Amino acid sequence: METDLQLKVLLVDDVPEQLDWLEMTLRDLGADLIRASSGKEAIKQVLDHEFALIVLDVRMPDMDGFEAARLIRQREKTRRIPIIFLTAIYDAAADVLAGYDCGAVDYIVKPISETVIRSKVSVFLDLARKAAELKERSDALEAANRDLESFSYSVSHDLRAPLRVISGFTQAFLADHQDSLDQDGRRQLNLVVSGARRMGLLIDDLLSFAHVASRNIAFKTLDMVPLVKGQWQLLGGQQKNRQVSLTIDELPLARGDQAMIQQVLANLLTNALKFTPADRIARIHVGCVRKNGETVYFVEDNGIGFDMEKAGLIFEPFQRLHSHREFEGTGIGLAIVRRIIEKHNGKVWAEAEEGKGATFYFSLPSARKPHLSLSGKSSTA
């Protein structure tokens, strides 16, 4: 992708012949060259234009290059413009330090080498072009994400309405005509209700997946033990009529978006419950290890596990290792987990053995002063 942006370079020198030489030397580098013959004129040009680079003479009457650079640096909009100083005296350490202090990125000593100044200016123009291209791509991606989110909500609303009608009328028909329907008729209508419910869950999960992509992260310090306990309490309805043991180790603080990490924990705990058969005690263990200098949290279960040869599939959207007839779900939950953790610059992976359970690992940025939670060494729910 190439940007059509015409970059501008400001050339500042009080000697007209020097400006003529600079303009002639740099004119074929693909930039719009604008001249200023004093520090005050340079300030005016900076207010009127956006520059990719300023080539600024140090020694000028009235306002020298250092003072002009300091004034340019005072404005938020212009403080990051790179400045190359031109000077006839380079051996004065105070001048060199003063120049770098007010924003110089480089010095060129007079008499100026044509090769040197062309090379340096070319580098900064290339950097400015790349930065402009990245901004264009970022703006385009942000706009696409906004459009996608708007489209997702619109589609979800349009899909939910007919689903509610289908499910509602089918259930009403079943209730009103229960006695006149044979077993096969009731079975088929129940399949319609079940399919509508499954479609509703899929719409909700797709919206969550799209929302994670467009949402900005609000970093804060997270006490992980209360977060785990809070999500476990919300999942209380899934534990009816079954024996469940939850063990939470002492967990270090982390940095992350609280709502997003709550969703990660909810998805992993739900996954552990779902894939542990109801005829055995579900033993779920939430803990932490250190791997390669990183803090890594994990959720371990004693469920059905999976074949590690297929481990790469489980974090992909719609990829399921078991049919929805065996285990309910849409195949989006673990994809959401991966997307959230990657947005936090973390990693997520799983280890398992068929019939012997699975462990899901994820890393998060550590808190500035990592220490163990005050929630206790270990707790059992």
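Read-outs throughout are calculated quantities, based only on the coordinates presented, and are distinct from any laboratory measurement. Quantities reported herein were computed from a predicted structural model and do not represent experimental measurements. Note that we place each Cβ from the backbone using ideal geometry, even for glycine, and neighbour counts take in every protein chain shown.
Details
- Proximal aspartates and glutamates to Lys229, defined as alpha-carbon separation beneath 19 angstrom and excluding residues fewer than eight positions away on the same chain: Asp249, Glu250, Asp257, Glu300, Asp301
- Environment charge of Ser363, counting only residues whose C-beta is closer than 9 Å and scoring Lys/Arg +1, Asp/Glu -1: +1
- Protection proxy ranking of 80-87, 44-51, 182-189 - average other beta-carbon atoms within 10 Å, highest first: 80-87, 44-51, 182-189
- Highest to lowest packing among 269-276, 191-198, scored as the average C-beta count within 10 Å: 269-276, 191-198
- Residue pairs, from the table Lys8/Lys343; Lys44/Lys77; Lys40/Lys110; Lys220/Lys347, whose Cα atoms sit over 24 Å apart: Lys8/Lys343
- Diffusion coefficient (Stokes-Einstein, Kirkwood radius over C-alpha pairs, 10 °C, 1.306 mPa s) for the range 1-88: 121 µm²/s, rounded to a whole number.
- Under-5 Å amide H pairs with Met60, H placed in peptide plane, nonlocal only: Gly65
- Peptides 253-260, 122-129, ordered by how many other C-beta atoms sit within 10 Å of their residues on average, highest first, read 253-260, 122-129.
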